[in-house]
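So the structure is just underneath, and the comments pick up after that.
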Amino acid sequence: MNRKVSALGRMAALWLTGLLMAVPAWAGDGVIRNGALWPDDGVIRNGALWPDGDGVHVNAHGGGVLWHKGRYYWYGEYKSDSTSNALVGITCYSSKNLTDWRNEGVVLPVVTDDPTSDIARGCIMERPKVIYNVRTGKFVMWFHLELKGQGYSAARSGVAVADRPTGPFRYLRSERPNAGCLPTGWTAEDAARMDTLQAAHYAKWWTPGWRKAVAEGLFVKRDRAGGQMARDMQLFVDTDGRAYHIFASEENLTLHIAELSDDYLSHSGRYVRVAPGGQNEAPAVFRRGDTYWMITSGCTGWAPNEARMFSAPSIWGPWTQHPSPCVGPNAKKTFGAQSTYVLPVEGRDDLFIFMADRWRPEHPSDARYVWLPITFGPDGVPVVEWRESWSLDDFSGR
Ligand code: DGJ
């Protein structure tokens, strides 16, 4: 094609895009639409660019949302254009309506002048979540931390604290949780059985014997002294104010649900293991009535896979696995996305939003968001049905 014509074509396309942005096609309908450009009209559109108040795509990936005193605060990973490593830090956006977001800036920046810092520029900071502690009045952030230059081998949890939801957050430390602790509820026999496991016998993975050993605590034993591995993570505050840190542990084979201390700044030492050897990550936990739900993904790097779902009568379990809650086109791949959080909408009895990331590892900052309402079947089981776009008003009865 003639280069001049193609340049003119590009200019026309840009002009048309600008026009469409300036005259919102969906203005005023309060709908979420997945897959399109997103005018500032109070509507959620899945997979689209999601412009903040400055018209810039929201950069808060692997995130979670905190409601505090009339505003929602969305925290997430700032993704750069060509690397998923942390070059900037953790960002925060705020909103009153969950669709129009104000950029509150970088609330926990990477450290640029000390290469020995845990959070030195170039480390990996993923899936930050923030909870508010009513006893201390502090905002507590936990995130998955990988030390600079060590790939994903460190598998640590970082913790930071702030006086205000918009920070600044003060980085406290990182750790592998629950050093020295055995899972809560383990009997003396369970501990003795674990003690008999010899790592050298299980050098070959995925054999039936290895699977049994994993279930019996092969990696719990290995990491007992130094603390358990912690990668993809979630925080959950129960109605009694107790908080839990849920993370992919044991080489991403087994989830741990670990209770936090009263101030939320450390682990209490009480934890349970969920689906040993099941390879779950991206856990998102919520409670509806007396049932605890957890949506997770499998472990396929940045590529989407089929969501999994679990339920339990108590945060401590027992956790039962259900089929994926996703329904609709590409449901088998979670609509091209991976769970990051389930948001209970404030002031609504029964409205929860499934939040997920459509990763773009070749252009991380251009990753997109998928937010879908969770409905419940007659049996009370969650359903996440695909919608291009939708509005909170569609659920005004809930
Ligand atoms: C999947 C995880 O869910 C992401 O947070 C990230 O750690 C990628 N793996 C890295 O491949």
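Among the residues of this structure, Asn133 does not count as one that is under 23 Å from the mean Cα position of the chain (by Cα) and on the phi > 0 side of the Ramachandran plot. Residues in the stretch 190-242 that are in a helix (DSSP H, G or I) and among the charged types (D, E, K, R): Asp190, Arg193, Asp195, Arg211, Lys212, Lys221, Arg222. Within the set Ser82, Ser117, the sole residue that is within 16 Å of the ligand (Cβ to nearest atom) and more than 17 Å from the chain's Cα centre (by Cα) turns out to be Ser82. Against the test of being more than 16 Å from the chain's Cα centre (by Cα) and more than 21 Å from Leu235 (Cα to Cα), the options Leu87, Leu98 yield a single qualifying residue, Leu87. The conditions of being out of contact with any Pro (no Cβ under 7 Å at 6 or more places or on another chain), part of a strand (DSSP E or B) and among the acidic types (Asp, Glu) are not met by Glu251. Filtered by the rule that a residue be in a loop (DSSP other than H, G, I, E, B) and either farther than 16 Å from Val111 by Cβ or within 20 Å of the chain's Cα centre (by Cα) (or both), the stretch 151-169 gives Gly151, Tyr152, Ser153, Ala154, Ala155, Asp163, Arg164, Pro165, Thr166, Gly167, Phe169. Examine the stretch 244-261 for a residue that is more than 16 Å from the ligand (Cβ to nearest atom), surrounded by 24 or more Cβ atoms within 10 Å (Cβ to Cβ), at positive phi and not assigned by TED's automatic domain parsing to the domain that holds Leu218, and state whether such a residue exists. Checked against the condition, which is being more than 16 Å from the ligand (Cβ to nearest atom), surrounded by 24 or more Cβ atoms within 10 Å (Cβ to Cβ), at positive phi and not assigned by TED's automatic domain parsing to the domain that holds Leu218, the stretch 244-261 yields no hits at all. Restricted to strands (runs of 3 or more DSSP E) entirely inside the stretch 288-398, those with at least 3 residues that are in contact (Cβ under 8 Å) with a residue 40 or more places away in the chain are 291-297, 338-344, 352-358, 368-376, 382-385. For the stretch 262-277, the candidate set comprises residues that are under 21 Å from Ala154 (Cα atoms) and among the small types (Gly, Ala, Ser); within that set, the residue that is surrounded by the most Cβ atoms within 10 Å (Cβ to Cβ) is Gly277.
Just to be sure before I move on: is Ser95 within 16 Å of the ligand (Cβ to nearest atom) and surrounded by fewer than 22 Cβ atoms within 10 Å (Cβ to Cβ) in the structure I sent? No: the conditions fail for Ser95.
Please go through the stretch 190-231 and pick out each residue that is surrounded by fewer than 15 Cβ atoms within 10 Å (Cβ to Cβ) and aromatic (Phe, Trp, Tyr). Matches in the stretch 190-231: Trp205, Trp206.
Go through the residues of the stretch 381-395 one by one and say whether even a single one is among the small types (Gly, Ala, Ser) and crowded, with 16+ Cβ neighbours inside 10 Å. Yes, some residue in the stretch 381-395 is among the small types (Gly, Ala, Ser) and crowded, with 16+ Cβ neighbours inside 10 Å. Residues in the stretch 216-233 that are in contact with a helix residue (DSSP H, G or I) (Cβ under 7 Å, 6 or more places away or on another chain) and small (Gly, Ala, Ser): Gly217 only. Go through the stretch 298-323 and give me each residue that's touching a helix residue (DSSP H, G or I) at 6+ places or on another chain (Cβ under 7 Å) and within 13 Å of Phe354 (Cα to Cα). Ala307 - this is the single residue of the stretch 298-323 that is touching a helix residue (DSSP H, G or I) at 6+ places or on another chain (Cβ under 7 Å) and within 13 Å of Phe354 (Cα to Cα).
Let's see how each residue does on (1) part of a strand (DSSP E or B); (2) not aliphatic (A, V, I, L, M):
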position: Val65; (1), (2): yes, no
position: Trp74; (1), (2): yes, yes
position: Leu87; (1), (2): no, no
position: Ile90; (1), (2): yes, no
position: Asn97; (1), (2): no, yes
position: Gly105; (1), (2): yes, yes
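Residues that are more than 14 Å from the ligand (Cβ to nearest atom) and buried (at least 20 other Cβ atoms within 10 Å of the Cβ) within the stretch 120-130 comprise just one, Val130.
Is the stretch 142-150 home to any residue that is in a strand (DSSP E or B) and surrounded by fewer than 22 Cβ atoms within 10 Å (Cβ to Cβ)? Checked the stretch 142-150: no residue is in a strand (DSSP E or B) and surrounded by fewer than 22 Cβ atoms within 10 Å (Cβ to Cβ).
Of the residues examined, Gln234 is not one that is more than 16 Å from the ligand (Cβ to nearest atom), crowded, with 18+ Cβ neighbours inside 10 Å and assigned by TED's automatic domain parsing to the domain that holds Val274. Just the residues that are of a type in the set (Gly, Ala, Ser) and either surrounded by fewer than 22 Cβ atoms within 10 Å (Cβ to Cβ) or away from the ligand (no atom under 16 Å from the Cβ) (or both), please, taken from the stretch 49-70. Listed by number, the residues that qualify are Gly53, Gly55, Gly70.
On inspection, Thr166 qualifies as surrounded by 14 or more Cβ atoms within 10 Å (Cβ to Cβ) and of a type in the set (Ser, Thr, Tyr). State yes or no: is Tyr271 assigned to a strand (DSSP E or B), among the aromatic types (Phe, Trp, Tyr) and modelled with pLDDT of 95 or more? For Tyr271, the condition - assigned to a strand (DSSP E or B), among the aromatic types (Phe, Trp, Tyr) and modelled with pLDDT of 95 or more - is met.
The values are calculated or read from the model by the stated rules, or taken from the named source; none is laboratory data. Note that the coordinates shown come from a computational prediction; the quantities given were computed from them, not determined experimentally. Using ideal geometry, Cβ is built from the backbone for each residue, glycine included, and neighbour counts are taken over all protein chains shown.
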